[in-house]
Amino acid sequence: MEIGIKLNGRMLSDNIDADLLLIDWLRDKGCFSVKRGCETSNCGLCTVLMDGKPVLSCSMLAARASGHEIMTLEGLQEEASEFVGFLADQGTDQCGFCNPGFVMNTIALLRENPDPTDDEILSYLAGNLCRCSGYNGQLRGIRAFLDSRKK
Amino acid sequence: MLTIKEYVRASSLEEAYELNQKRNNRIVGGMLWMKMQSGSIGTAIDLCDLGLDTIEETDEEFSIGAMVTLRQLELCESLNEYSCGAVKAAVKDIIGVQFRNLATVGGSIYGRFGFSDVLTVFLAMDTYVELYKGGIVSLEDFSKMKYDSDILVRIIVRKTRAKIIYNAMRIQRTDYPVITAALSKLGDEYRAVIGARPGRAVIIRDENGLLDGGVSSESADAFARFVASKAQTQSNMRGSAEYRTHLVKGLTERNVMEIGG
C-alpha cells in the first residue's frame with residue numbers, strides 16, 4: 001500500500017506491507033536512533049514525535065502514520081544539543097542504549113512544560129526505562145540544564 | 001507475531017461495521033494490546049479518520065470519542081474537574097506518556113480488560129457507551145457483555161452530581177495494577193468499583209446502607225469489609241487472592257475516608 005510521511009522535514013512516499021511497524025520503516029530510512037527494546041510497549045526506546053507528540057514507533061503501524069509528520073533524533077540534533085551535555089555530565093550515558101528515547105521524550109517534555117518540577121520530570125519520563133542508572137543522573141542532568149537557563 | 005494482510009481507514013462507521021463482520025478482520029484502537037498478540041488479521045480497520053478523537057462537553061454530559069487517547073483524558077481539565085481528578089489519577093501510571101498518546105479509550109473500554117484502570121474509573125461514574133448498532137448501553141451492562149462485532153463509537157459520562165476517588169496498588173510505577181479501587185458518591189448512592197481482581201472491574205453498591213449515617217472510621221471500616229467480602233479475587237503472578245482481598249479492604253477504607261460525607 002502507498003503511504004506518505006513527512007520524516008524529519010522531508011516528504012517521503014513509499015509502498016509498504018500493511019503490517020509494517022513504524023519503527024521498521026524508520027530504520028529502513030536510516031533513522032537508527034530509533035531502537036527496538038522490550039517488544040511490550042514499555043521501554044520508550046523507540047520514541048519518536050508524531051505531529052509533535054511522543055509516541056512508541058514499535059507499537060504503531062507505518063500505515064497509520066501516513067499523512068503525518070514524524071521527527072526522530074536525527075532531525076532534532078540542534079534542539080537536543082541544548083541539554084544532552086548536561087546529561088552526559090551526570091554519567092547518564094553509560095551503555096547509551098536508552099539515551100535516544102530519553103532525549104526524544106525530554107524534548108517533548110520541555111516543549112510541553114518548559115519549567116517542570118522534579119516530580120513532573122519523573123512523571124513524564126516514567127515510560128523510558130534505563131537498566132544502567134537509577135534515573136537520578138537523568139533527573140540531575142535535566143535539573144542542571146533547567147537551572148542553567150535561569151542564570 | 002501478528003500479521004495484517006490489509007489496512008483500511010474507514011470512511012464511515014457503516015463501512016467499518018461492514019468490514020468488521022468478517023471474522024478475521026479487526027478494529028484497530030491504539031494497537032498496544034493487539035500488537036502483543038499472535039495471529040493473522042485479514043483487514044485492520046482504522047477509525048482514525050472518523051472524527052472520534054475529541055471530547056465534547058455539554059451541560060448534561062461529556063461525549064468522549066472512541067479514538068480519544070488516554071493522554072487526552074489525562075489533560076482534559078473539565079473532565080478532571082468533574083471527576084475530582086479521578087480520571088487523571090487512573091491513567092497517570094499507565095506506562096508512559098508515549099504509550100498514553102497511542103492508547104485509546106475505545107480500545108480500553110471495548111477490551112474490558114481485567115487490569116484496566118480505565119474501565120474501573122469510568123464504572124465509578126454515570127457512564128454509558130454508544131454502540132454503532134446496539135445504541136446506548138450503560139457501561140455496567142456493557143462490562144458484562146460478551147465480545148461481538150459491533151463498534152464502540154463513544155463513551156458518554158452524564159454529569160450526575162458526584163464525588164469520585166481513585167486509587168490503585170502497583171508493585172512498581174508503570175506496571176499493571178495488582179488491584180484497582182474507585183469509590184464514588186453519585187447523587188446519594190455510594191459505589192465502590194474494584195478491578196484487576198484480576199477479573200473485570202465490578203461495581204459494589206452500599207446495599208446495606210452502611211454509609212447512610214455518614215462517614216466515620218467505623219462506617220468506613222464496615223463498608224470496606226463489606227466490599228472485600230463481595231469482590232471476588234483470584235491469584236496470579238502479581239498477587240494472591242488473599243493479598244488482593246486485603247488490598248480491597250484497605251483501599252476502600254482509604255477511599256471512603258477521603259471522599260468523606
Considering residues of the stretch A:66-92 that are in a loop (DSSP other than H, G, I, E, B) and out of contact with any Gly (no Cβ under 9 Å at 6 or more places or on another chain) only, the residue modelled with the lowest pLDDT: A:Glu82
Count of the stretch B:153-171 residues which are within 23 Å of B:Ser78 (Cα to Cα), modelled with pLDDT of 95 or more and touching a Phe, Trp or Tyr at 6+ places or on another chain (Cβ under 8 Å): 6
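Looking at the stretch A:1-27 only, could you name the residues that are aliphatic (A, V, I, L, M) and under 16 Å from B:Ala44 (Cβ atoms)?
Result: A:Met1, A:Ile3, A:Ile16, A:Ala18, A:Leu20, A:Leu21, A:Leu22.
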Residue identified as surrounded by 20 or more Cβ atoms within 10 Å (Cβ to Cβ), away from chain A (no Cβ under 11 Å), under 16 Å from B:Asp148 (Cα atoms) and under 21 Å from the mean Cα position of the chain (by Cα) among B:Ile45, B:Ile27: B:Ile27
Among residues of the stretch A:49-65, those that are aliphatic (A, V, I, L, M) and facing another protein chain (nearest Cβ under 9 Å), counted: 6
Pairs with Cβ under 6 Å, 6+ apart, first in the stretch B:55-81 and more than 14 Å from chain A (Cβ to nearest Cβ) and surrounded by fewer than 22 Cβ atoms within 10 Å (Cβ to Cβ), second assigned to a helix (DSSP H, G or I) and of a type in the set (S, T, N, Q): B:Glu57/B:Ser78
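Which one of B:Thr69, B:Thr43, B:Thr58 is polar (S, T, N, Q) and in contact with a Leu (Cβ under 6 Å, 6 or more places away or on another chain)?
B:Thr43
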Residue in the stretch B:125-133 that is buried (at least 24 other Cβ atoms within 10 Å of the Cβ), touching a strand residue (DSSP E or B) at 6+ places or on another chain (Cβ under 8 Å), under 13 Å from B:Gly195 (Cα atoms) and of a type outside the set (Ser, Thr, Tyr) present: no
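Hey, can you tell me all the residues within the stretch B:187-198 that are buried (at least 17 other Cβ atoms within 10 Å of the Cβ) and either modelled with pLDDT under 95 or of a type in the set (Ser, Thr, Tyr) (or both)? Spell out the reasoning first.
Going residue by residue through the stretch B:187-198, those that are buried (at least 17 other Cβ atoms within 10 Å of the Cβ) are B:190-198.
The one that is buried (at least 17 other Cβ atoms within 10 Å of the Cβ) and either modelled with pLDDT under 95 or of a type in the set (Ser, Thr, Tyr) (or both): B:Tyr190.
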Conditions (1) under 14 Å from the mean Cα position of the chain (by Cα); (2) assigned to a loop (DSSP other than H, G, I, E, B); number of the one not met by B:Ile64: (2)
Checking B:Met1 against (1) in contact with a strand residue (DSSP E or B) (Cβ under 8 Å, 6 or more places away or on another chain); (2) surrounded by fewer than 14 Cβ atoms within 10 Å (Cβ to Cβ); (3) within 10 Å of another protein chain (Cβ to nearest Cβ), the condition it does not meet: (1)
Close pairs from the stretch A:50-70: first over 17 Å from A:Thr106 (Cβ atoms) and without any contact (Cβ under 8 Å) to a residue 60 or more places away in the chain, partner buried (at least 24 other Cβ atoms within 10 Å of the Cβ) and of a type in the set (Ser, Thr, Tyr), Cβ under 7 Å, at least 6 apart: A:Cys58/A:Ser41; A:Ser59/A:Ser41
Unmet criterion (only one of (1) in contact with a Gly (Cβ under 8 Å, 6 or more places away or on another chain); (2) part of a strand (DSSP E or B); (3) surrounded by fewer than 19 Cβ atoms within 10 Å (Cβ to Cβ)) for B:Ile155: (3)
Residue in the stretch B:88-95 that is within 11 Å of chain A (Cβ to nearest Cβ), on the phi > 0 side of the Ramachandran plot, assigned to a loop (DSSP other than H, G, I, E, B) and in contact with a Gly (Cβ under 9 Å, 6 or more places away or on another chain) present: yes
Scan of the stretch A:115-143 for residues that are out of contact with any Phe, Trp or Tyr (no Cβ under 8 Å at 6 or more places or on another chain) and either of a type in the set (Asp, Glu) or within 16 Å of B:Val97 (Cα to Cα) (or both), ordered by number: A:Asp115, A:Asp118, A:Asp119, A:Glu120, A:Ile121, A:Ser123, A:Tyr124, A:Ala126, A:Leu129
Of the criteria (1) within 10 Å of chain A (Cβ to nearest Cβ); (2) surrounded by fewer than 21 Cβ atoms within 10 Å (Cβ to Cβ), which one B:Ala103 fails: (2)
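Of the residues A:Asp115, A:Asp19, A:Asp14, only one is part of a loop (DSSP other than H, G, I, E, B) and more than 12 Å from chain B (Cβ to nearest Cβ); which? Steps first, answer last, please.
Numbers: A:Asp19 fails: more than 12 Å from chain B (Cβ to nearest Cβ); A:Asp14 fails: part of a loop (DSSP other than H, G, I, E, B).
One residue alone meets the criteria, A:Asp115.
Within the stretch B:98-119, which residues are assigned to a helix (DSSP H, G or I) and either β-branched (Val, Ile, Thr) or in contact with a His (Cβ under 8 Å, 6 or more places away or on another chain) (or both)? Explain how you work it out, then say what you get.
Taking the stretch B:98-119 first, the residues assigned to a helix (DSSP H, G or I) are B:98-100, B:105-111, B:117-119.
Hits for the stretch B:98-119 are B:Val105, B:Ile109, B:Val118.
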Of all residues making up the stretch B:171-185, the number that are within 17 Å of the chain's Cα centre (by Cα) and more than 14 Å from chain A (Cβ to nearest Cβ): 8
Hey, A:Cys46 within 17 Å of the chain's Cα centre (by Cα), at pLDDT below 95, within 22 Å of B:Gln98 (Cα to Cα) and of a type outside the set (Gly, Ala, Ser) or not: no
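The values are calculated or read from the model by the stated rules, or taken from the named source; none is laboratory data. Note that the structure is predicted; figures quoted are calculated from it, not measured. Positions of Cβ are generated from backbone atoms using ideal geometry, with glycine treated the same way; all protein chains shown enter the neighbour counts.
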